Amino acid sequence: MTRLSRRDFLKTGAVSSVALLNGCQPLFGKAASKAHVVVVGGGFGGATAAKYIRYFDPNIRVTLIEPKAKYITCPASNWLFAGLATLDQLSVDYQGLKNYGIEVISDTVIQINSKQRSVTLSSQQSISYDRLVLSPGIDFRWDTLHGFNQELSQRFPHAWQAGPQTELLNQQLQAMPDNGTLLICAPPDPYRCPPGPYERASMMAFWLKQHKPRTKIIILDPKRSFSKQALFEAGWKQHYGYGSPNSLIEWVSLADNPLVSLDAERKTLTTEFGDHFRGDVLNIIPPQTAGKIAIDSGLGNSSGWCPIQPMSAESSLLPFIHVIGDAGHYSPIPKSAFAANSEAKVCALAIVNLLNQQAISTPNWLNTCYSLITPEHGISITNGYQVNAENGITAIKSAGGVSQKTDPASLALEAVYTQSAYYNLRSDCFD
Amino acid sequence: MKRWLLMVLSLTSFNSHAELSGENIALNCFNCHNRKPAANSAIPSLNGYSRQRLQQAMLDFKYDKTNATLMPRIAKAYSDSEISAVAAYLSQQ
Ligand SMILES: Cc1cc2nc3c(=O)[nH]c(=O)nc-3n(C[C@H](O)[C@H](O)[C@H](O)COP(=O)(O)OP(=O)(O)OC[C@H]3O[C@@H](n4cnc5c(N)ncnc54)[C@H](O)[C@@H]3O)c2cc1C
């Protein structure tokens, strides 16, 4: 068997494993041993796919294309607002992946030539592939709020891609007047990280409670309800006066009265029925679609996301291209880093099966999203998923759900696990 | 190391879906239970756990016989035979 034990793989990295393998005759045919997989996007999905393809079959050549030398994780980026982390601590580089023999190219893919099975980089270099994995993350729709545009996100940051936007929003938070108001405009479904806006409000409130207790965060929501709502609201009540006139956090559902326009000068948002919300800081998180390269390449449908065949993660629209992570239409699996990791493993295994002319094994997916309400109060939601009879994806009903134990000791434990789970997930993807 | 590539169909499956291989299940454990044991991780690496210990722990989680925050919700996603398969797979790593 060409398969190395996991321990060998982790110890040696794949470069030396190739040498190791030369001793025992490779099981796979010549064509398979030379197969080339190109992975576009070095986020949670792409990094995991690249790593695990090499883990499953070190004879496959893997090239990862990602413009950034350092990737800053969105998970844990909300901790910044509570003063619990710096962007530096949330940064990873690609040395870990290079150690597995993955070639990492610092560039952007500007075109996918699906007929020739090649991608074109911004340097004009062309790279051919046997299979392409696309994990480009999200893009924003800038045209849904009158008076708002991409340029204005420099004043009203989304901070929904971690980096300078996160720092800008944090500076604005800290510079808020003592009785100021911060508006969080939550996006409509489906979007990256369903509990994200509410975790953000919690982390901001934690900081404001200590430094500017007379301020207020108002979440303006196009939805009627949100992820882990009962747990968030119980936590807000306990820590931030939720429900009382002096609450640090207010949640307003605008499901029947959506925001329609922004007056940038007055920092005021107006709804369809003419209600106004003025803020000192506006965190406008726009509606989202699959990353631009996926949409430009014809991989998206009218939903703005990329339909896939669950068994293989292969696009339903174009052959030999697999889409994973936020960009893919994996509903009911939420768009999270944890899910991107799970989707990437299913994809990696399927690609290895396909390149070796083997049957694709039955996949399953798992998602778990932890959120912090304070550094000592953590909550979670989890679900397993499987393929259903219609070749779609279904949540496993007998399992999953939100935190059941809400005594202080359990919540404190979950806060500790939140941090562990973050670092371990990151390590499973990038190290 | 033996690799299970064929779909194993089981008529007695708990969730009435095709039985999953131990490997396919285990892949989703590594996100939290790191394969490279990190110092001071509150969620332990499962390296070195015996098959018996893994299987018993998972069954205890699944049937609510032990006090835990998250694992009972995860373990309920798998049939008893899948739990046996993932325990066997993990113990060989
Ligand atoms: C505030 C916040 C908090 C979050 N917290 C959590 C959490 O606690 N847990 C959790 O599981 N998830 C969390 N998420 C969600 C998580 O960040 C995403 O689901 C995850 O990053 C998706 O991974 P991805 O690979 O699809 O995309 P990304 O991680 O966005 O990676 C995409 C990569 O592709 C690259 N790319 C794009 N286009 C091209 C191109 N044309 N050529 C080359 N490269 C390209 C980009 O540079 C980028 O690095 C959070 C998100 C936010 C915003």
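Read-outs: derived from the displayed coordinates by stated rules, not from any lab. Keep in mind the model is a prediction, meaning the values are calculated, not measured. Quick reminder, even Gly has a Cβ in these numbers, built from the backbone with ideal geometry, and neighbours come from all protein chains shown.
The table below lists the values:
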item: Any chance A:ASN364 is within 7 Å of chain B (Cβ to nearest Cβ) and surrounded by 19 or more Cβ atoms within 10 Å (Cβ to Cβ); result: yes
item: Restricting the stretch A:75-130 to residues that are among the charged types (D, E, K, R) and farther than 30 Å from A:LEU208 by Cα, the residue that is nearest to the chain's Cα centre (by Cα); result: A:ASP93
item: Residues located in the stretch A:369-420, provided they are surrounded by 17 or more Cβ atoms within 10 Å (Cβ to Cβ), touching a helix residue (DSSP H, G or I) at 6+ places or on another chain (Cβ under 8 Å) and facing another protein chain (nearest Cβ under 7 Å); result: A:SER380, A:THR382, A:GLY384, A:ALA399, A:GLY400, A:SER403
item: Filter result (more than 13 Å from the ligand (Cβ to nearest atom) and surrounded by 16 or more Cβ atoms within 10 Å (Cβ to Cβ)) within the stretch A:291-306; result: A:GLY300, A:GLY304
item: Residue within the stretch A:337-353 that is under 20 Å from A:GLY235 (Cβ atoms), within 21 Å of the chain's Cα centre (by Cα) and facing another protein chain (nearest Cβ under 10 Å) present; result: no
item: Condition check for A:ARG117: of a type in the set (Lys, Arg) and either out of contact with any His (no Cβ under 9 Å at 6 or more places or on another chain) or within 16 Å of the ligand (Cβ to nearest atom) (or both); result: yes
item: Options A:GLN288, A:GLN386, A:GLN358: the member that is more than 12 Å from the ligand (Cβ to nearest atom) and in contact with a strand residue (DSSP E or B) (Cβ under 9 Å, 6 or more places away or on another chain); result: A:GLN386
item: Any chance A:SER410 is free of Cβ contacts under 8 Å to residues at least 40 places away in the same chain, more than 16 Å from the ligand (Cβ to nearest atom) and assigned to a helix (DSSP H, G or I); result: yes
